[in-house]
1. Which one of the conditions (1) modelled with pLDDT of 80 or more; (2) within 26 Å of Ala125 (Cβ to Cβ); (3) open to solvent by 70 Å² or more (accessible area, probe 1.4 Å) does Leu54 fail to meet, given that it meets all the rest?
2. I'd like to check which strands (runs of 3 or more DSSP E) are fully inside the range 58-157 and have at least 3 residues that are within 30 Å of Ile40 (Cα to Cα).
3. Out of everything in the range 75-100 that is β-branched (Val, Ile, Thr) and open to solvent by 40 Å² or more (accessible area, probe 1.4 Å), what residue ends up being farthest from Ser131 (Cα to Cα)?
4. Please verify whether the range 34-55 includes one or more residues that are under 30 Å from Leu81 (Cα atoms) and among the polar types (S, T, N, Q).
5. The conditions are (1) of a type in the set (Ser, Thr, Tyr); (2) touching a helix residue (DSSP H, G or I) at 6+ places or on another chain (Cβ under 6 Å); (3) modelled with pLDDT under 85, and Thr38 fails exactly one of them. Which is it?
6. Could you run through the range 120-146 and say how many residues are over 18 Å from Asp73 (Cα atoms) and open to solvent by 30 Å² or more (accessible area, probe 1.4 Å)?
7. In this structure, does Arg37 turn out to be of a type in the set (D, E, K, R) and more than 30 Å from Thr145 (Cβ to Cβ)?
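The values are calculated or read from the model by the stated rules, or taken from the named source; none is laboratory data. Since the model is a prediction, treat every value here as computed from it, not as a measurement. Cβ coordinates were reconstructed from backbone atoms using ideal geometry, including for glycine residues, and neighbour counts include every protein chain displayed. All accessible areas refer to the heavy atoms of the entire protein, side chains included, with ligands and DNA or RNA removed. Shrake-Rupley method; radii C 1.70, N 1.55, O 1.52, S 1.80 Å.
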Amino acid sequence: MAGAVPARGAGIGRRDWRDSASLVLLVLLVLGFVVLRTPIVAAAPGLASLYTRLGLPVNLRGLEFRNVATMRDNVSGAPGLVVTGEILAQAGGNRGLPALAFTLYDDRGREVGGWSAPIDHRPLAAGETASFRSRLADPPDSAKTVKLRFEGAAEGKS
């Protein structure tokens, strides 16, 4: 039908514009939540566990654990638990190395012990690594898992 006039309300109206603007705002908020997660967690550390659960861990220290291994040993009849590994400094300036905190868990995930140990190493430049070794004498027999973190960091592998 040539020369037909569109029905009233056809085309992009106010409601469509508001829906589009709301969608753009939502996308920007989600994008900001993902891209700006490091400063967000620096301002609100409690959000670190939420990001980790979403598969987006945040590393405020710029340090990463590598090649962590545990083994039980026996020195002069005294049982022990040895944890070894490396710490890698990621991109950025020199990184000081805080003390390490080790937490022991049983097979049900309950905490059964732990200890801390200082790291005797100079600060690391980006890409450098430092090895560590720590031993706990007479660990609980129920200890099945060790979680490693830096002193002052939230629980977990930081």
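1. Of (1) modelled with pLDDT of 80 or more; (2) within 26 Å of Ala125 (Cβ to Cβ); (3) open to solvent by 70 Å² or more (accessible area, probe 1.4 Å), only one is false for Leu54: (2).
2. Where strands (runs of 3 or more DSSP E) fall fully within the range 58-157 and carry at least 3 residues being within 30 Å of Ile40 (Cα to Cα), they are 63-75, 78-89, 100-105, 111-117, 145-150.
3. Here the residue is Val75.
4. yes
5. Of everything listed in (1) of a type in the set (Ser, Thr, Tyr); (2) touching a helix residue (DSSP H, G or I) at 6+ places or on another chain (Cβ under 6 Å); (3) modelled with pLDDT under 85, Thr38 misses just condition (2).
6. 10
7. Here the answer is no, as Arg37 does not meet what is asked.
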